[in-house]
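Notes follow once the structure below has been shown.
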Amino acid sequence: MIRIPTLAANVTLIKILLVLICLSLMACTSKTESRVDQQKVENLIKFAEIYGIVKYFHPSDEAYDLDWNKFAIYSTEEILKCETQEQFSQKLDSLFLPIVPASKFEGTSTDDSFSETFWHHQGVGFGMKKNGLYFSERLIVNEATDTLPYRPKLGDAMNIDVLEDKSFTIPIVLLRNESGTLPKSNPNEMEVLNRKLKKFKIDENGLAFRLGNLINVYNVFQHFFPYLDVLSIDWQQELRNAIVGSFVDSSKSDHVTRLQKFTAPLQDGHISIDVIGEKDHYYYPPISWEWIQNKLIITRVWNTDLNLKVGDEVSKVNGQDSKDYFDEMESRISSGTKGWLRYRSENESLRGKENSKLIIQVDKREIVLKRNMHNYDRDKGIKPYEKLHNNIHYLNLTLLDWQTMEYLLPELEKSNGIICDLRGYPNGSERIVNHLLKKVDTAKGWLRIPKIVFPNQKKITNYVEGDWTETMIPAQPYLGDKNIVFITNGSAISYAESIMGFVKGYKLATIVGQPTAGTNGNYNIFTLPGNIQIKWTGMQVLKLDGTQLYGIGILPDVYVEKTVDGLINHKDEFLDKGLKLVNKKISAANIGNN
């Protein structure tokens, strides 16, 4: 007799099978991680520590002339071959002793023929794309530099423990004469190392490529990221996690994603990591979308043939729940505020290669979108300027240029109110702020580039400080007596936040909207092997009152949220709130005059 399982039994069986599948997948992940030799991971961490200090703070000629990008990848491959700690120790010697000579040079800085030398970084320029604000130089001690209170002295060194009974000593001050830095390395050893590096071929799909680049990136931020001290993260642990993950990765594309996830916890909205040239070939589908009231909503449709309308909710993207899809996307984005994170993810989730497909689900309908639009095509139709009811003028500072703004100034002088829209990046018309100022700007020192001479950002006591006192001067006609509102949100980053900082700091207007991006300051750029370019914030920028801007942004006086109903009814709820406030002030003034 054959027994046919009941429906309940079938359901139970299915549940058991699903649990077994989940356990199997978890076991696979666990096995993958367990296959990573933890001692080798710790050796790579130790190598990373030595690598960064020697590269940026050991002032020898040998270190200065080295190809550090290739050295990181070559060395990583060599370290991975080490099976014992003794082999690892010996490998460190063979890698670094040609660059950090072990022999002791018998000389003193009091000898006339010798001078002390050390690395001095303003931000950092060594290994970076040239930038006038940021630079690195090996300073030679003379009458001027010897008075620097923050400089290291001869004998200052970093000691890194390698084994229980062995440490690696890295001097950060050396002696030099006309022949260069002293002591000199063994020329044969240096020749052998350079020959090996020249012969070494980088495999962009290889493990050493991924690990070497990670170590490079780690050290840039470890020694020079100006906000590392205010973050509640263990940066070395982040490196450890990224190293383990790199053993699982298998392609250059995986590696770029790993670098993005590695730097995301830094909360730096300027950070972008891309293969050079790829962004130039991105295309977009004929829609835009935003997260509104916790739903992914279609906000614009450029192709009328699509069975889509503004206000439609997207429940799935490429077969995945929309929230899960964006969680993964946002795990790769470094951002100081939620507004900038959403702005970036809403844009980057749409972009891709020309004619590639994006499959979305709306009302249980599956719709296939083709990426065939350039991003600039999608901005058409936005008004830069409009004269509204009650002689109120709307100015979109992200679109208006200064020539147009100058033409409008006589009209603005007669206006009852002005609404300036800075949801994004200014286009030159932001100089209207000068026409709102009644007194000269007196805020000083809110732009700060650290002067760094010790590893790990220790003993930083000196900064190059800057301000805008020479440019933020009152201009005519004076418009500060009008009813002024500024609209902003998380898409306002960097220079836009400087402008909003003046509006907030000098109380030039009522600010309506949402917090800005929380990231300001000139960015720095470096390029890794594989043509992977990384942008990041290289300086500190404070609010005008000296308080922290990073990760906070400029906060609105009146907070506004979009609604789906407002979108469907073609309302700009930020602008509506600004109009309401201006009209209320006009009414109050009229009552007062009567």
*Grab the Cα-Cα distance for Leu388 and Tyr478, subtract it from 0.36 nm times how many residues apart they are, and report the gain in nm with one decimal.*
30.3 nm
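Kindly report the accessible area of the chain per residue (heavy atoms of protein chains, probe 1.4 Å, no ligands, DNA or RNA), in Å².
On the way: 29330 Å² over 594 residues.
Result: 49 Å² of accessible area for each residue.
Let me check against my output: what whole-number percent is the relative contact order of the chain, with C-alpha pairs under 8 Å and at least 6 apart? The partial results should precede the final answer.
Details: 1060 pairs, mean separation 81.2, N = 594.
Answer for the chain is 14 percent.
About its Cα centre, what dipole magnitude does the chain give when the only charges are +1 on Lys and Arg Cβ and -1 on Asp and Glu Cβ, stated in debye to the nearest 20?
Values: 71 positive and 74 negative charges, 342 e Å.
Result for the chain is approximately 1640 debye, rounded to the nearest 20.
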*Spin-label model distance (nm) - Glu561 vs Asn205, 7 Å beyond Cα toward Cβ*: 4.8
*asked:* Starting from a Cα-only point model with no solvent, please compute log10 I(q)/I(0) by Debye for the range 226-279 at q = 0.13, 0.24 1/Å.
replied: -0.37, -1.00
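Thinking of the range 132-193 as a set of Cα atoms, what percent of all their pairs are more than 18 Å apart? Please list the in-between numbers first.
Values: 1109 of 1891 pairs.
In whole percent, the share of Cα-Cα pairs in the range 132-193 beyond 18 Å is 59.
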*asked:* Relative to 2.2 N^0.38 Å, what does the C-alpha radius of gyration of the range 442-489 come to as a ratio? Two decimals please.
replied: 1.88
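Count the DSSP beta bridges whose two residues both fall in the chain, then state the antiparallel fraction as a percent rounded to the nearest 5. The partial results should precede the final answer.
On the way: 62 of 79 bridges.
Of those bridges, close to 80 percent are antiparallel.
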_Spatial extent of the range 154-263: Rg and Dmax, with the Cα atoms as the point set, Å_ = 18.1, 50
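Cα-Cα over 28 Å: which of Lys252/Lys458; Lys387/Lys584; Lys166/Lys201?
Numbers: Lys252/Lys458 35 Å; Lys387/Lys584 18 Å; Lys166/Lys201 32 Å.
Over 28 Å apart, Cα to Cα: Lys252/Lys458; Lys166/Lys201.
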_the range 474-594: radius of gyration and largest Cα-Cα distance (Dmax), Å_ = 18.5, 72
*Given a cut-off of 22 Å, name the pairs among Lys438/Lys562; Lys199/Lys535; Lys81/Lys198; Lys383/Lys571; Lys444/Lys543 whose C-alpha atoms lie farther apart than that in the structure shown.*
Lys438/Lys562; Lys199/Lys535
*Residues in the range 453-488 near a label at Trp402, defined as backbone nitrogen under 19 Å from the 7 Å Cα→Cβ point?*
467-480
*Using only the alpha-carbon atoms of the range 313-407, report the extent along each of the three principal axes, biggest first, to the nearest angstrom.*
51, 30, 28
*Which distance in nm do the two modelled labels at Tyr495 and Val36 give, with both placed 7 Å along the Cα-to-Cβ direction?*
4.1
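Carbon and sulfur atoms: what percent of the 1.4 Å accessible area of the chain do they account for? Walk me through the numbers on the way to the answer.
Details: 14620 of 29330 Å².
Carbon and sulfur atoms account for 50 percent of the accessible area of the chain.
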*In whole Å, how far is the Cα centre of the range 446-477 from that of the range 121-156?*
17
*Where the centre of each part is set by its Cα atoms, how far does the range 493-532 sit from the range 209-230, in angstrom?*
22
*Determine by what factor the alpha-carbon radius of gyration of the range 254-363 differs from 2.2 N^0.38 Å, reporting the quotient.*
1.10
_Within the range 41-76: backbone nitrogen closer than 19 Å to the Val464 label point (7 Å, Cα to C-beta)_ = 56-57
*List, in order, the whole-Hz ³J(HN,Hα) value for each residue of the range 574-587 obtained from phi through the Karplus relation with A = 6.51, B = -1.76, C = 1.60 and θ = phi - 60°; use x for Gly and Pro.*
5, 5, 4, 5, x, 4, 4, 5, 5, 4, 5, 5, 5, 4
*So what are the ³J(HN,Hα) numbers for the range 200-208, from phi and the Karplus equation (6.51, -1.76, 1.60; θ = phi - 60°), rounded to whole Hz, Gly and Pro as x?*
5, 9, 7, 9, 6, 9, x, 5, 4
*Pairing the Cα long axis of helix 235-248 with the longest principal axis of the chain, what angle in degrees results, from 0 to 90 and rounded to the nearest 10?*
90
_the range 261-298-the range 338-376 distance, computed between alpha-carbon centres (Å)_ = 10
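The values are calculated or read from the model by the stated rules, or taken from the named source; none is laboratory data. Here the structure is a predicted model, which means the values were calculated and not measured. A quick note on method: Cβ atoms are made from the backbone with ideal geometry, for glycine too, and the neighbour counts reach across all protein chains shown. The area values use the complete protein model at the heavy-atom level, side chains included, leaving out ligands, DNA and RNA. Shrake-Rupley method; radii C 1.70, N 1.55, O 1.52, S 1.80 Å.
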